[in-house]
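Only one structure is covered here, and it is reproduced in the block below.
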Amino acid sequence: MSKPAAQAERRPTDWNSPAMQKRIRRRYAAERRFRVLGAGAVILSAAFLGFLLLTMVAQGWRGFTVTELALPIDLKADGLKIERSQLATPAADLALASAGLEDVVDNAATRAFGADGATYLAPSAWLAVRGAVKRDPSLLERRTTVYVPAATGFDRALAGDGDPAMEAGVARLTRQGAIHRGFNWTFLSESDSTDPVAVGVWGALKGSLLTMAITFLIAFPVGVLSAIYLEEYAPKNRWTDLIEVSINNLAAVPSIIFGLLGLAMFLGTWQIGGHSFGPMLPRSAPLVGGVTLALMIMPVIVIASRNAIKGVPPSIRDAALGIGASPIQVVFHHVLPLAMPGILTGTIIGMARALGETAPLLLIGMRAFIVTAPGGFTDPSTVLPVQIFLWSDEVSRGFVEKTSAAILVLLAVLLAMNGLAIYLRNKFETRW
């Protein structure tokens, strides 16, 4: 190095020179721009999330409420021919229906609310009267007032979005004090129905819970054990490299492909030795849905579990081996417990993804019209995302509110699962 160059290298930086001050100002300006862009990205993301939540709440809060009409009714005077002893039999529902309870309710509405009174009632209004009679058989012999659900058109008119005839009826019944609005427990306790007033999410929610149980019981142990083998025991050769690449690719495969896989493997007809065998699993059941979703999220669990196992410091393994632990004891007594927070977090995130899937479940038939909640893993059922999809395709205006309300229920379940993931990570995480 020449003498002038060496002197220039040893020369202290002149921080007060105009050139250096200009460079410093440019650096500070670039940092400010980066902070503004970062804050803007966060604000934009929060704004989209807030807009989504506000839109769903604005459209769906009425789905959690029900409009009821105070209907004065005298079953005996209105011609209901049924004995009180018949209500004590298992066929009480059939007896009330055969006795013309629905017509009696319509006649009572016409007498109480006017010529159009029967149109103010929901198709399921007589079911409310039936339930009241079964709870108190003495109603067969005396006059009483029963709160029955109002029709969708009446409810829309109450919100200011109905036809003039319904709005006139709303004004008249409001003056009479016959309108009551309360929480719709039916929405949380019933299943699907053709009447938007009588629909509920419990059947779909229970189907989702049963499906997620099967998904977890299959995907979690298989995924974690696969990750342990690949990370701790598998030899490093071209075959394990091929397996790792395949797992990474499967994690990015569209979910509808797994639906086709489940349709072919579990519901298709198999040909063995010239003989045809029927579907291996029942159609539209949580069992087949859970197995299909387990195949979909298993690569995600394997990848998350391997990353969690890699995050355990090698000194833990060396210390365990140094005190005489066997290799399998090192893995299951030391490495796995320390990696479990990351494994559980990745598993719950994968489960949350499976809970929101629709395409694979549509292909395996979990879009059926189910009016009762499934009793087990092999009963026909549907799930919340599919139920939302089906309701969004209905022509009745009443299903718009129910669709938004069901979305809120699904979001609540997803937020609960993500909250559980955060809790497990913070509770069991070890900082090195």
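Taken together, the values in this text are just the output of simple stated rules run on the coordinates, not laboratory data. This structure is a prediction, so every number in the text was calculated from the model and none was measured. Neighbour counts are summed over all protein chains in view; Cβ atoms, including those assigned to glycine, are modelled from backbone coordinates with ideal geometry.
Remarks
- Viscosity 0.890 mPa s, temperature 25 °C, Stokes-Einstein D of the chain from Kirkwood C-alpha radius, µm²/s: 90
- Cα shape, the stretch 181-339, gyration tensor, a/c 1.5 rule: oblate
- Euclidean distance between Cα centres, the stretch 34-81 to the stretch 143-160, Å: 18
- Relative exposure of Val105, Val222, judged by other C-beta atoms within 10 Å (fewest first): Val222, Val105
- Couplings for the stretch 251-258, taken from phi via the Karplus curve 6.51 cos²θ - 1.76 cosθ + 1.60 with θ = phi - 60°, read 5, 9, 5, x, 5, 5, 5, 5 Hz in order; Gly and Pro are left as x.
- If you take all other residues with their beta carbon under 15 Å from the beta carbon of Ala132, and give Lys and Arg +1 and Asp and Glu -1, the sum is 0.
- For the stretch 168-182, 3J(HN,Hα) per residue [Karplus equation, 6.51 cos²θ - 1.76 cosθ + 1.60, θ = phi - 60°, Hz, x = Gly/Pro]: 5, x, 4, 5, 5, 6, 5, 5, 7, x, 9, 9, 9, 10, x
- Amide hydrogen neighbours beyond the local backbone of Tyr147, cut-off 5 Å, H modeled: Leu71
- A straight Cα-to-Cα reach below 23 Å connects Lys81 with the lysines Lys134, residues fewer than 8 places away in its own chain not being considered.
- Mean residue ellipticity (222 nm) of the chain, computed from DSSP H runs ≥ 4 via -39,500 (n - 2.57), nearest 500: -19500 deg cm²/dmol
- Theoretical gain in end-to-end length, Leu44 to Gln329 [0.36 nm per residue, Cα-Cα removed]: 97.7 nm
- Between the amide H of Thr65 and those of Asn184, distances stay under 5 Å, these residues lying 5 or more places away or on another chain, with hydrogens modeled in the peptide plane.
- Each of Ile179, Ile256, Ile388 was scored by other Cβ atoms within 10 Å of its Cβ. Listed from fewest to most, they are Ile256, Ile179, Ile388.
- Amide H within-cut-off set for Arg181, under 5 Å, with H built and near neighbours excluded: Glu68
- Highest mean packing comes first when the peptides 61-67, 418-424 are listed by Cβ atoms within 10 Å, giving 61-67, 418-424.
- Neighbour-count order for Ser85, Ser305, fewest beta carbons within 10 angstrom listed first: Ser85, Ser305
- Within the stretch 63-145, the trypsin sites (Lys or Arg not before Pro) that combine a DSSP coil assignment with at most 13 other C-beta atoms in a 10 angstrom radius are Lys81, Arg142.
- Using θ = phi - 60° in the Karplus curve 6.51 cos²θ - 1.76 cosθ + 1.60, the 3J(HN,Hα) couplings for the stretch 129-139 round to 5, 4, x, 5, 5, 5, 6, 9, x, 5, 5 Hz; x is entered for Gly and Pro.
- Annotation: peptides 395-404, 372-381, ranked by per-residue average of other Cβ atoms within 10 Å with the highest first, follow the order 395-404, 372-381.
- Cα gyration tensor, the stretch 173-223 - rounded (a/c under 1.5), prolate or oblate: prolate
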